[in-house]
Amino acid sequence: MSTTPDIPQQEEAQHYESTSTPRWIVIAFVAVIAALGFTAYMGYDARAKLEADLAKANDKVAILTARLDQANSHLADIRGQLEVTEQRVGVTKTDIANAKSISEQVRKEQKASDERLTAQLGQVRKESDEKIGAVASEVGGVRTDLEATKGKLERAIGDAGVMSGLIARTHEDLDELRRRGERNIFEFTLQKSKNGQKVGPIQIFLQKVDAKKQRYTITVNADDKSIEKKDKTVGEPVQFYVKGQRSPYEIVVFEVAKDRATGYLTTPKDAGAASPPAKPAS
């Protein structure tokens with residue numbers, strides 16, 4: 001026996017289907033809800049990430065702020081040191097400027113001093129050259145005079161019959177004899193006197209002078225004896241011996257005047273002092 005559904009139940013089911021919400025609306029709604037949920041989730045997640053990034057950024061800002069504060073503090077220290085350095089540098093610059101000024105002044109003064117010294121040296125050199133030239137001329141003249149003097153010096157036989165040394169007839173000739181250094185020389189100017197005059201190692205008494213005839217008379221005291229040399233001529237070698245000497249002593253008078261005679265005594269280089277002179281012979 002076949003069964004046939006009840007007609008009222010079929011109608012009720014159709015009525016239910018005709019009155020319920022369409023399925024696509026439900027699907028769409030679910031899709032919207034899901035989309036909203038996903039969006040909300042994504043927004044939350046993005047917000048969480050943003051907040052985390054913001055927190056990290058805030059941390060970095062705090063670190064940078066701290067570093068900035070530290071840098072500002074260090075900069076302030078540097079600025080203070082810079083100001084002190086600038087002050088010191090300012091003083092140094094002033095000192096350097098003063099030093100340069102002083103150095104320049106010293107350089108100028110040194111240059112002027114060098115120029116003055118050079119000029120003075122030039123003047124001194126010029127004067128020295130002139131003086132040297134004058135001295136050279138004078139020396140040349142003296143040399144000429146000496147040559148002439150040497151030519152005038154001569155020897156002669158003395159009153160003791162012995163060849164004399166070179167004879168000086170003037171003071172200049174006598175200077176030449178001294179330069180030769182061959183004998184001891186004692187220059188004298190005798191005055192008539194009872195006491196006589198010590199000349200080298202002997203005593204000489206001027207007894208008489210004849211200026212007109214250019215003659216003189218003397219007494220020589222040597223070796224405890226008196227030797228008279230009478231009427232001797234100017235320029236004549238007057239010779240006498242003393243004890244222990246092989247060469248004679250020589251007296252040469254080259255100028256006479258009233259009661260005065262000028263000349264010299266020569267003795268050998270090895271001649272010693274004579275004995276105390278005796279009194280002149282009466």
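The figures follow:
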| quantity | calculated |
| --- | --- |
| Pair list, Cβ < 7 Å and 6+ apart or interchain, from the stretch 173-198 residues that are free of Cβ contacts under 8 Å to residues at least 12 places away in the same chain to residues that are assigned to a strand (DSSP E or B) and small (Gly, Ala, Ser) | none |
| Any hit, the stretch 214-227, residues being over 13 Å from Glu250 (Cα atoms), in contact with a helix residue (DSSP H, G or I) (Cβ under 6 Å, 6 or more places away or on another chain) and open to solvent by less than 40 Å² (accessible area, probe 1.4 Å) | no |
| Top-ranked residue in the stretch 155-181 [being open to solvent by 60 Å² or more (accessible area, probe 1.4 Å) and in a helix (DSSP H, G or I); ranked as nearest to Lys229 (Cα to Cα)] | His171 |
| Neighbours by Cβ (under 8 Å, 6+ apart or cross-chain): first from the stretch 232-246, in contact (Cβ under 8 Å) with a residue 60 or more places away in the chain; second in a strand (DSSP E or B) and basic (Lys, Arg) | Lys232/Arg215; Val238/Lys229; Val238/Lys232; Phe240/Lys229 |
| Tally of residues being assigned to a strand (DSSP E or B) and either crowded, with 18+ Cβ neighbours inside 10 Å or within 60 Å of the chain's Cα centre (by Cα) (or both) across the stretch 182-206 | 15 |
| Lone unmet requirement of (1) within 17 Å of Tyr264 (Cβ to Cβ); (2) crowded, with 17+ Cβ neighbours inside 10 Å for Gly235 | (2) |
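The values are calculated or read from the model by the stated rules, or taken from the named source; none is laboratory data. This one's a predicted model, so the numbers in the text were calculated from it and none came from an experiment. With ideal geometry, Cβ positions are generated from the backbone for all residues, glycine too; neighbour counts draw on all protein chains shown. Quick note on the areas: whole protein, heavy atoms, side chains included, nothing else; ligands and nucleic acids left out. Shrake-Rupley method; radii C 1.70, N 1.55, O 1.52, S 1.80 Å.
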